[in-house]
Protein chains: 2
Amino acid sequence: MRKSAADRFKHLFNRSLVFVRHQNQQHNSSSPLHYRLLSSAHFSSMASDSPFPVTAQNINPQVLQCQYAVRGEIVTLAQNLQKDLQANPGSHSFDEIIYCNIGNPQSLGQQPITFFREVLALCDYPALLDKSETQGLFSADSIERAWQIVEQIPGRATGAYSHSQGIQGLRDTIAAGIQERDGFPANANDIFLTDGASPAVHMMMQLLIRSENDGILCPIPQYPLYSASITLHGGHLVPYYLDEATGWGLEVSEVKKQLEDAKSKGISVRALVVINPGNPTGQVLAEENQRDIVEFCKQEGLVLLADEVYQENVYVPEKKFHSFKKVSRSMGYGDDDISLVSFQSVSKGYHGECGKRGGYMEVTGFSPDVREQIYKVSSVNLCSNITGQILASLVMSPPKVGDESYESFMAEKGSILSSLATRAKSLEEALNKLEGVTCNKAEGAMYLFPQIRLPKKAIEAAEAENTAPDAFYCKRLLNATGVVVVPGSGFGQVPGTWHFRCTILPQEDKIPAIVTRLTEFHEKFMDEFRD
Amino acid sequence: MRKSAADRFKHLFNRSLVFVRHQNQQHNSSSPLHYRLLSSAHFSSMASDSPFPVTAQNINPQVLQCQYAVRGEIVTLAQNLQKDLQANPGSHSFDEIIYCNIGNPQSLGQQPITFFREVLALCDYPALLDKSETQGLFSADSIERAWQIVEQIPGRATGAYSHSQGIQGLRDTIAAGIQERDGFPANANDIFLTDGASPAVHMMMQLLIRSENDGILCPIPQYPLYSASITLHGGHLVPYYLDEATGWGLEVSEVKKQLEDAKSKGISVRALVVINPGNPTGQVLAEENQRDIVEFCKQEGLVLLADEVYQENVYVPEKKFHSFKKVSRSMGYGDDDISLVSFQSVSKGYHGECGKRGGYMEVTGFSPDVREQIYKVSSVNLCSNITGQILASLVMSPPKVGDESYESFMAEKGSILSSLATRAKSLEEALNKLEGVTCNKAEGAMYLFPQIRLPKKAIEAAEAENTAPDAFYCKRLLNATGVVVVPGSGFGQVPGTWHFRCTILPQEDKIPAIVTRLTEFHEKFMDEFRD
């Protein structure tokens, strides 16, 4: 069944390619995920008699084509509903919008880790370090850490541009943290600090993609940053399917089949994206599976782009996070054997510091002249933000046994992670009870990606509204409950199947009400559309 | 004379285009500024028998071609010298490296503005707001401002992703600040907060450039972010020359001539970049001149990309900064008449908070569907960092009369700006005393861009080393004095003329020593090479 589904997917993919070429008569990549958005209705809505020199018809078609569903149409609808609720309280059957569309823990009430914020405040205003009152307000180890960091910055200039890869001392700390995590050496020169993981992904796509004939292997479902970035850089997304039936398993045979298929069409495939733990799919890869992937990339000469931003988010005792760096080194592969980029972010984990925009990529197995090019591109934007840089170093080097903050830090961390595990389980169980819904376990990350088997009548109603069936369901859900989830079509799915992504992030005390609202909505929806 | 020089420049430009096409057989833009770096020596140095799948020969040629001289070769040399000095003190005739290559004030000892840092620390660790000791450590208005800001953030979640354009309340504050500055309305919906001005410039280039046939008019000399961004996005830099003889005057007739010339070659010119106050040239445009530019853009249907990041940095009483928004509104032109993007940054001004990566663009005169596309591209990276967002709001809304911090804030600001004016004048006078050197006044911004008339023997010596003559001079200067300046070839200059860019940022007490070292070096250099 998966084979023919993949073929249907490719048919849509090719159709969209032809369509876009026809519309723009320009070199274009095509993204298989967003064919709906390239409908003629969309294009004909653009005014051609605009008083403005720039119109949607004459901008870069790659921008026009790029989509990012996580903040797409459904979020705009939610924001409008929220304004409506504020202006007219009681106008809807719910009194707040619950944003389950995006992995943004602190927006839903998660509190920041105290130690991290103490250090950031001290580094932002180092004059505090000289004042006696500070002792009463901050923990001893946060003061000590802030001193260390300020001393690592040349001239203690916390407001200066840093080295384009980030402050050397912070990169040393991060490398030591990686080494401790993996048990294999890490080098500060391989670390490029970035404003979250997204700019790092863009940087690698920019480096690798030369034209629409360059392909990047991406899981389907995928996090739409990848499809958006590939589209913006004019490349070709080569999809490989995760197997929903085996808990979103990643089979190298499937990746190989898609690689061969792409090659036969003249696509030069440059890299393989793996998201582990999975987004939106929540699976945690087994080490054995990772070895196969490393071996495959080595054999095929593919860069392995390892999205490891959820490395702290593993909720099941039987699974453990292993970095691809550790796995490849444990196979005896060094810097000359495998080109590997690992992405990490301060936005995820137990800390969820999304707004600080911190992160890094560890770049190994590239020649010195290519590394020089990566450095050059980093230097055009000068450096990533220093607050985010500091936070990235703290995440990779949290308080240790004996530090004054250690116990409170471990309590905060443990409470967040165990609550996330509880929430994941409650929501998964509730979803699996719904008629026609099946949901794999969230072993890790921050999402559930249930499949909804929509009745034919619902699909027809969606089509009558010129809406994808999963988007139709999600909009109905939003309007009925205030809960915002993202249609599966934004992430990619086997054609003819429908899903949505829902974060596990609402606070624990809100979960029962969400479950009730979701269940009631779903029952009514099915009553309305059941075949 | 300028005519024939411009023609020579174009000849080099075209030659480099042909060369790159030949090398890469790919769609390529060409940057006229960096022909030296595309020499065959450079290409042949790339290994073709690399063990790595990614080599300099098979990466995106736009990345390979892009150059950013401000952090280029000369800075790498300086960093190596610095390491050498640390390892072997006394090994050189100077004991420190003075980085005059980049507008990075705090790296050279400028202190941050206290009020700004107080507010940032409180927002980073809002728990402080509830503690009584805080009153003794922070000013009353910084506490009040932090409260205001924290309350403006939905759920007080200072660690959450914000709206993709930035936190609404901060954008309201910024819009109010623009309105106060200009005397014309500003709208928070037009503000896009960004991680410094650089990503904002990239975003506009990405939107406007469809292919190598799309051109962007840029001043020569220019800040190399523009050439780098145009190259990375595959477009065509259309140069217009600033007139050094009239203090780097911007003549609309010259811009028009270059526009017509580009059009006659089939280039579709989409936008005009104006940097005011000028970088690297330091001139401040007269309002009359700005009116002509606005009228020209309106007539020609060009987007006006106004780099206004040095708006606070004006050092001469006879000149005043006027935003292009104010100028266009005062001409009676509204949102339907002119497409205008104004870039602002927290990195410059009197505050110089480079490492915080804050900034915004104010986008006016674009159709709703194009604005939607700009929003979409912003949303792919989720949001800019919150610390930078807060700082951008503070810069546009500093303490006011009656606030506890007002007097100390004004003293800090005044002292920095008046010292910058003094430093600019001292360095300009010193440079003008050197044999064969002429230097226009730095009316604003942070740079001097002196012309050095190099003796023929020096030019020959440079050519023998396969180095541009200005780079040859700058490397000699660095090796002899430890002072890092950037060769004019990194910014563009009339062919056959040579310049360098030097910041005015070393602390005042260091200026006399720098002048002495520079003067001694120059005399020796001239003695060695004088014709």
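Read-outs throughout are calculated quantities, based only on the coordinates presented, and are distinct from any laboratory measurement. The structure displayed is predicted, hence computed values, not measured ones. Positions of Cβ are backbone-derived with ideal geometry, glycine not excepted, and every protein chain shown enters the neighbour counts.
General remarks:
- Per-residue mean of C-beta atoms belonging to partner chains within 10 Å, peptide B:204-211: 5
- Extension gain from A:GLN111 to A:GLU288, taking 0.36 nm per residue of separation minus the Cα-Cα distance: 60.1 nm
- Derived scalar couplings between HN and Hα for the range A:483-492 equal 8, 9, 10, 10, x, x, 4, x, 10, x Hz in order, rounded to whole Hz, by the Karplus curve 6.51 cos²θ - 1.76 cosθ + 1.60 (θ = phi - 60°), x for Gly and Pro.
- Shown for A:ARG181: label points 7 Å from Cα along the beta-carbon vector, and their distances to the equivalent points in the other copies, 4.0 nm in ascending order.
- Antiparallel DSSP beta bridges within the protein assembly as shown, percent to nearest 5: 50
- Taking every DSSP bridge with both residues inside chain B, close to 50 percent are antiparallel.
- P(r) histogram, all alpha-carbon pairs of chain A included - 20 Å bins from 0, percent: 21, 54, 24, 1
- Cα-derived Rg to Rh of the range B:184-395, Kirkwood definition: 0.94
- Backbone amide hydrogens, once placed in the peptide plane, bring A:ILE102 within less than 5 Å of A:THR503, excluding anything fewer than 5 places away on its chain.
- Shortest-first nm distances, A:LYS257 label point to equivalent points in other copies (7 Å, Cα→Cβ): 6.5
- P(r) of the protein assembly as shown over all Cα-Cα pairs, binned every 10 Å from zero, in whole percent: 2, 11, 20, 25, 22, 14, 5, 1, 0, 0
- When the Cα atoms of the range B:161-309 are aligned to their principal axes, the ranges along those axes come out at 46, 34, 28 Å in descending order.
- Entries in B:LYS457/B:LYS524; A:LYS131/B:LYS400; A:LYS256/A:LYS326; B:LYS263/B:LYS326; B:LYS320/B:LYS441 that, when Cα-Cα distance is taken, lie over 18 Å: A:LYS131/B:LYS400; A:LYS256/A:LYS326; B:LYS263/B:LYS326
- Rg/Rh for the range A:359-449, where both radii come from Cα atoms and Rh is the Kirkwood radius: 1.16
- Remark: mean inter-chain Cβ contacts per residue of B:369-376 equal 6, using a 10 Å Cβ-Cβ cutoff to other protein chain atoms.
- Debye, to nearest 20: dipole size of the protein assembly as shown, +1 on Lys, Arg Cβ, -1 on Asp, Glu Cβ: 2180
- The A:SER397 and B:ARG156 beta-carbon pair, evaluated with R₀ = 22 Å, returns a calculated FRET efficiency of approximately 0.20.
- Here A:LYS457 and A:GLU520 are evaluated by their C-beta separation; at R0 = 25 Å the FRET efficiency comes out at 0.80.
- For the pair A:GLN86 and B:LYS265, label points projected 7 Å from Cα toward Cβ lie 5.0 nm apart.
- Interchain or long-range residues, amide H under 5 Å from B:SER268's placed H: B:ASP214, B:GLY215
- Extension reserve of the B:THR76-B:THR246 stretch, reckoned as 0.36 nm per residue once the Cα distance is removed: 57.7 nm
- Each DSSP beta bridge with both residues in the range A:168-395 is either parallel or antiparallel, and the antiparallel ones are about 35%.
- Converting phi to 3J(HN,Hα) with the Karplus coefficients 6.51, -1.76 and 1.60 and the offset θ = phi - 60°, the range B:168-185 yields 3, x, 5, 5, 4, 4, 5, 4, 5, x, 5, 4, 5, 5, 9, x, 10, x Hz in sequence order, with x at every glycine or proline.
- Rounded Å value of the spacing that divides the Cα centres of the range B:270-299 and the range A:412-459: 56
- Spacing of the two label points (7 Å from each Cα toward its C-beta) at A:ASN187 and A:LYS257, in nm: 4.0
- Label geometry 7 Å along the beta-carbon vector: A:ALA411 inter-copy distances in nm: 4.4
- Amide H contacts of A:TYR240 (H built 1.01 Å from N, in plane; Pro and chain starts excluded): A:CYS218, A:ILE220 sit under 5 Å, all sequence-distant by 5 or more or on other chains.
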